[in-house]
1. Would you mind finding the one in Ser42, Ser78 that is closer than 23 Å to Leu121 by Cβ and assigned to a helix (DSSP H, G or I)?
2. When you check Phe152 against the structure, is it within 22 Å of Leu18 (Cα to Cα) and at pLDDT 80 or above, yes or no?
3. Between a residue in region 27-56 that is surrounded by 10 or more Cβ atoms within 10 Å (Cβ to Cβ) and any residue that is of a type in the set (A, V, I, L, M, F, W, C), which pairs come within a Cβ distance under 6 Å, given they are 6 or more apart or on different chains?
4. For region 145-164, give me each residue that is over 13 Å from Lys105 (Cα atoms) and surrounded by fewer than 12 Cβ atoms within 10 Å (Cβ to Cβ).
5. Given the structure, is Ile68 more than 25 Å from Ala117 (Cα to Cα) and either in the same structural domain as Leu120 (by TED's automatic domain parsing) or of a type outside the set (Lys, Arg) (or both)?
6. Which ones in region 1-15 are in a helix (DSSP H, G or I) and surrounded by 10 or more Cβ atoms within 10 Å (Cβ to Cβ)?
Amino acid sequence: MQFTDLSFRVLRSFRWILLVFYIGLGIGLAIYAAAYLVKLASFAKTALENDPLFNALAVLNLIDGALIGGLTVMVMTSSFAIFVSKPPSDANHTGPATVGFAALKTKFAATLTAIGAINLLEYALDVQHVEMNALIALCGVELVFLLVTLGFAWIEKLGSADGH
């Protein structure tokens, strides 16, 4: 069965429903940014009196927040470009930088791996509360994230080498 031009255009018009999700991500990012600023202000008020290890953990937490924010923006812009918008007809298009779907998966997995590594480091540095079984389980999860990221990168490299 072959789609007619009209039926394809009708089906393709449903892609605009995805805007609801991207707007929701934007609103979620704004809320997350407000919570991030509260966390930053709290850290700034006590940083000079804190233990250096506590400050290091707080900075790692801030890095974690920045990675999550960047990941959200990357998913919003790239997904919109991939699934919703039409490709620009102008060769000099200067819209937001986006990545292809394969690269998006790889970057998403790499960011999750980095976030997991930061959380693992935070947990391991909290020496008073570390449970060895939990630490081993977290290392296992991080290893799975790393393997998935390497798998995505390998598949993307194979795809780009084949010209796809």
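1. Among Ser42, Ser78, only Ser42 is closer than 23 Å to Leu121 by Cβ and assigned to a helix (DSSP H, G or I).
2. Criteria not met by Phe152.
3. Listed pairs, sorted by first residue: Phe43/Ala58; Asn55/Ala47.
4. Correct list: Leu158, Ala161, Asp162, Gly163, His164.
5. no
6. Ser7, Phe8, Arg9, Val10, Leu11, Arg12, Arg15
Every residue, every condition in (1) modelled with pLDDT of 85 or more; (2) closer than 30 Å to Glu142 by Cβ; (3) of a type in the set (Asp, Glu), yes or no:
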| residue | (1), (2), (3) |
| --- | --- |
| Thr4 | no, no, no |
| Leu11 | no, no, no |
| Trp16 | yes, no, no |
| Val20 | yes, no, no |
| Leu48 | yes, no, no |
| Phe54 | yes, yes, no |
| Gly65 | yes, yes, no |
| Asn92 | no, no, no |
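The values are calculated or read from the model by the stated rules, or taken from the named source; none is laboratory data. Since we're looking at a predicted model, the values are computed, not measured. Virtual Cβ from ideal backbone geometry, glycine too; neighbours counted across all protein chains shown.
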